[in-house]
Amino acid sequence: MTAAIAVTGLTKRFGNRTVVDAIDLTVAEGRIMGFLGPNGSGKTTTIRMLCGLLHIDGGTGECLGLDIRTRAAEIKRQAGYMTQRFSLYEDMTVGENLDFAARVHGVKDRARRVDASLERMGLTHRRDQLAGELSGGWKQRLALAACILHRPRLLLLDEPTAGVDPQARREFWERIHGFAAEGMTVLVSTHYMDEAERCHAIAYIAYGHLLTVGTVAEVVAGAGLSAASVAGVDPELVAKLKSLPSVATATAMGARVHLAGPDAGALGRDLDGLHVDWHAEDPNLEDVFIHLMAAHPEGGR
Amino acid sequence: MSFSLARLAAMMIKEFVQMRRDRMTFGMMVGIPLLQLLLFGYAINSDPKHLPTAILDADHGPVGRSVVAAMQASRYFDVTSMPGDEARADEILARGEAQFVVTIPVDFSRRVLRGERPQMVVEADATDPAATANALGVLEHIALHAADRDLAGPHAGLRQGAAPFDLVVHRRYNPEGETAFNIVPGLMGVVLTMTMVIMTCLAVTRERERGTMESLLAMPLTPMEVMLGKILPYIAVGYVQVAFILGVAKLLFAVPMVGSLVLLSLVTIVFIAANLAVGFTFSTIAGNQLQAVQMGFFFFLPSILLSGFMFPFRGMPEWAQVIGEALPLTHFLRIVRGILLKGSPWGDIALDVGAMVLFTAVAGAIAIKRYRMTLD
Ligand SMILES: Nc1ncnc2c1ncn2[C@@H]1O[C@H](COP(=O)(O)OP(=O)(O)O)[C@@H](O)[C@H]1O
Ligand SMILES: [Mg+2]
């Protein structure tokens, strides 16, 4: 299988701050890659470099087999980019925005394609509404419609579901899977953990460094964490659990506290020593990410 | 990626749609020419009377007195001072205390009666030609008949034909002695400079400020397509303004239009393009819309001051003329005035058109070079 995105050493500096530091990333064609990381970790910056919107300070790579440094113009024709912040024209109607995108991309049979895309996104009845008057969820649909009008081979979606209600998020992910089934490659950034489960693979970035890549199972297994569940909600107990040397993360979950640490033996011994009611359970992605961030030199706790 | 007419059309359609929705810009397009026309037009229509006049009378004779009386009677001239000597008279004129100094030489009356046609010198402060033109016109008429009563009896023969004395008018401070008709044609250039630079500049900075630049840059558009797509719609707007101003100039102010309007329209494209290129260049520097407007004024001020619109070009110091020559408005003013008032043919304006073309090419090249395809 060929790679739709293949970059190595991708680096971006703003002034003397390295915001994206030597990222290696490969996304196989037709896959949905989740791009996770806390705010300010460099997700948007990375995506912008991939589609030629930011000058690249280091590294090389290709999107759709085209060099990202020299052939950005061709990449733009075959990729669709949905920006984190709504960036279509708020003083134009839904229909006018789509018509503009279709014209710029030289879409054949424009009127019909615009109609079809309105239909597909459930936007038909809002065609004459100004984009600026749409609510968040509808703006997001419009933005998605605009970036797939030209049937791109690569979709770059930057936090497309931020601030959207669960029902709309669900529909959105169904659409994404639909696109992938049609052969599109999707790179989608998010900070919702549950969305990671919907991706074929995930990449986790923090402080501009790519900390882990793989399927969710691979990422969790690769971190080598063990987890436990302890009965109790007492804040004192949580504080005590957190201070145990074998515990990397402690999260209060309803009536129990979820713990994770790198050493299963040590964790068991520590918990037995406290005489609490506990049992082992599977570590989750969040444990892995928190652990990876903490273990990273820039994130030392 | 090569230039595509379809993509250019997409850009232009988008700009037109946005233009239509933007009340502010729309108001500017119609409001500025209207306001300026009314303001300046009022100045043109006004026919200032009671202009302060100084009389330097070295004659103290009857004919001089008759002329002064006739001048007062015309209501254009108010005698406000009677300086004792020439130095004092000069001072009065220089300070603007009087608009005119009329010098009646020694023995004036006697020489008129002898039929020697002596000179009567009128110095006019012509910095504002509109203010003095009518008064000076009236003066010619006064000179013909003012002395009629004095030329009675044996001197009656002198009443016939030309005036009995020689009226010499010196226009000071404005050697060109330009007429008020200069203003409305000039206004065309001024309005275009003001609106075109700011509007293109805003059209680009707005994209950056509203964040739409990110989507625009992610689309397969070349810098040339973006630039032309932004500029061409405003050329159309510029033409609407030109037609509007010319219409008003003709209907309201009866400005003569001697030359070819076709030639004028063709040349106007170059001038509009020059200003739009400046606006586009500014937009690559300005960070937001406020800065864009400020930069627009930064260009507008020297244009209006040093182009010959406000002050006669030949009256400016040399350094100012050098700057003026570099501004497209200077050349456009010459062209418009030339075509409308003198009926200049192509040959007479070619040099000025060439200067504007050069300016446009340089500004356009800077704009394209500075326009970045990335967000940083
Ligand atoms: N144009 C810019 N100039 C300077 N710093 C920037 C710029 N864009 C982003 N940054 C900084 O780079 C870091 C990464 O930002 P970003 O890529 O937007 O992160 P994310 O999308 O993961 O939240 C942030 O600290 C942000 O402040
Ligand atoms: Mg971001």
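Structure summary
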| quantity | calculated |
| --- | --- |
| Region B:105-120, residues that are open to solvent by 10 Å² or more (accessible area, probe 1.4 Å) and either among the small types (Gly, Ala, Ser) or farther than 19 Å from B:Leu136 by Cβ (or both) | B:Pro105, B:Val106, B:Asp107, B:Arg110, B:Arg111, B:Leu113, B:Arg114, B:Gly115, B:Glu116, B:Arg117 |
| Residue in region B:241-254 that is assigned by TED's automatic domain parsing to the domain that holds B:Glu325, touching a Cys at 6+ places or on another chain (Cβ under 8 Å) and open to solvent by less than 20 Å² (accessible area, probe 1.4 Å) present | no |
| Which listed residue, of B:Phe100, B:Phe108, is out of contact with any Leu (no Cβ under 9 Å at 6 or more places or on another chain) and modelled with pLDDT of 85 or more | B:Phe108 |
| One residue from B:Leu232, B:Leu216, B:Leu192 being more than 14 Å from every other protein chain (Cβ to nearest Cβ) and in contact with an Asp or Glu (Cβ under 9 Å, 6 or more places away or on another chain) | B:Leu232 |
| Residue match in region B:170-186 (condition: more than 30 Å from B:Gln36 (Cα to Cα) and modelled with pLDDT of 85 or more) | no |
| Among the residues listed as A:Val94, A:Val104, the single one being within 12 Å of another protein chain (Cβ to nearest Cβ), crowded, with 23+ Cβ neighbours inside 10 Å and over 17 Å from B:Thr374 (Cα atoms) | A:Val104 |
| Failed criterion for A:Asp128 (all others in (1) in contact with a strand residue (DSSP E or B) (Cβ under 6 Å, 6 or more places away or on another chain); (2) buried (at least 20 other Cβ atoms within 10 Å of the Cβ) hold) | (2) |
| Lone unmet requirement of (1) away from chain B (no Cβ under 12 Å); (2) more than 16 Å from the chain's Cα centre (by Cα); (3) away from ligand 1 (no atom under 14 Å from the Cβ) for A:Ala72 | (1) |
| Within region A:1-44, tally of residues that are hydroxyl-bearing (Ser, Thr, Tyr), open to solvent by less than 70 Å² (accessible area, probe 1.4 Å) and more than 16 Å from the chain's Cα centre (by Cα) | 2 |
| Top-ranked residue of region A:131-170 - restricted to ones that are within 16 Å of ligand 1 (Cβ to nearest atom) and open to solvent by 30 Å² or more (accessible area, probe 1.4 Å), ranked as nearest to A:Met33 (Cα to Cα) | A:Ala162 |
| Flag if A:Ala250 is under 23 Å from the mean Cα position of the chain (by Cα), hydrophobic (A, V, I, L, M, F, W, C) and not assigned by TED's automatic domain parsing to the domain that holds A:Arg31 | no |
| Any hit, region A:171-188, residues being under 20 Å from A:Met49 (Cα atoms), open to solvent by less than 40 Å² (accessible area, probe 1.4 Å) and within 9 Å of the chain's Cα centre (by Cα) | yes |
| Residue among A:Pro152, A:Pro160 that is more than 15 Å from the chain's Cα centre (by Cα) and touching a residue at least 40 places away in the same chain (Cβ under 8 Å) | A:Pro152 |
| Number of the exception - A:Ala22 against (1) out of contact with any Asp or Glu (no Cβ under 8 Å at 6 or more places or on another chain); (2) at negative phi; (3) more than 9 Å from ligand 1 (Cβ to nearest atom) | (2) |
| Any hit, region A:107-115, residues being modelled with pLDDT of 95 or more, crowded, with 21+ Cβ neighbours inside 10 Å and either in a loop (DSSP other than H, G, I, E, B) or away from ligand 1 (no atom under 16 Å from the Cβ) (or both) | yes |
| Neighbours by Cβ (under 9 Å, 6+ apart or cross-chain): first from region A:80-91, open to solvent by less than 40 Å² (accessible area, probe 1.4 Å); second of a type in the set (Phe, Trp, Tyr) and more than 16 Å from ligand 1 (Cβ to nearest atom) | A:Leu88/A:Phe100; A:Tyr89/A:Phe100 |
| Meets criteria (more than 16 Å from ligand 2 (Cβ to nearest atom) and in contact (Cβ under 8 Å) with a residue 60 or more places away in the chain) for A:Arg141 | no |
| Unique residue being within 9 Å of chain B (Cβ to nearest Cβ), assigned to a strand (DSSP E or B), under 26 Å from the mean Cα position of the chain (by Cα) and away from ligand 2 (no atom under 16 Å from the Cβ) when the list is A:Gly80, A:Gly52 | A:Gly80 |
| Some residue of region B:155-166 being modelled with pLDDT of 80 or more, open to solvent by 10 Å² or more (accessible area, probe 1.4 Å) and over 19 Å from the mean Cα position of the chain (by Cα) | yes |
| Every residue from region A:201-220 that is under 14 Å from A:His291 (Cα atoms) and either in the same structural domain as A:Val276 (by TED's automatic domain parsing) or β-branched (Val, Ile, Thr) (or both) | A:Ile205, A:Thr212, A:Val219, A:Val220 |
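The values are calculated or read from the model by the stated rules, or taken from the named source; none is laboratory data. What you see is a predicted model; the values in this text were computed from it and never measured. For neighbour counting, all protein chains shown are included, and Cβ atoms are generated from backbone atoms with ideal geometry for every residue, glycine included. Surface accessibility is based on the protein's heavy atoms, side chains included, excluding ligands, DNA and RNA. Shrake-Rupley method; radii C 1.70, N 1.55, O 1.52, S 1.80 Å.
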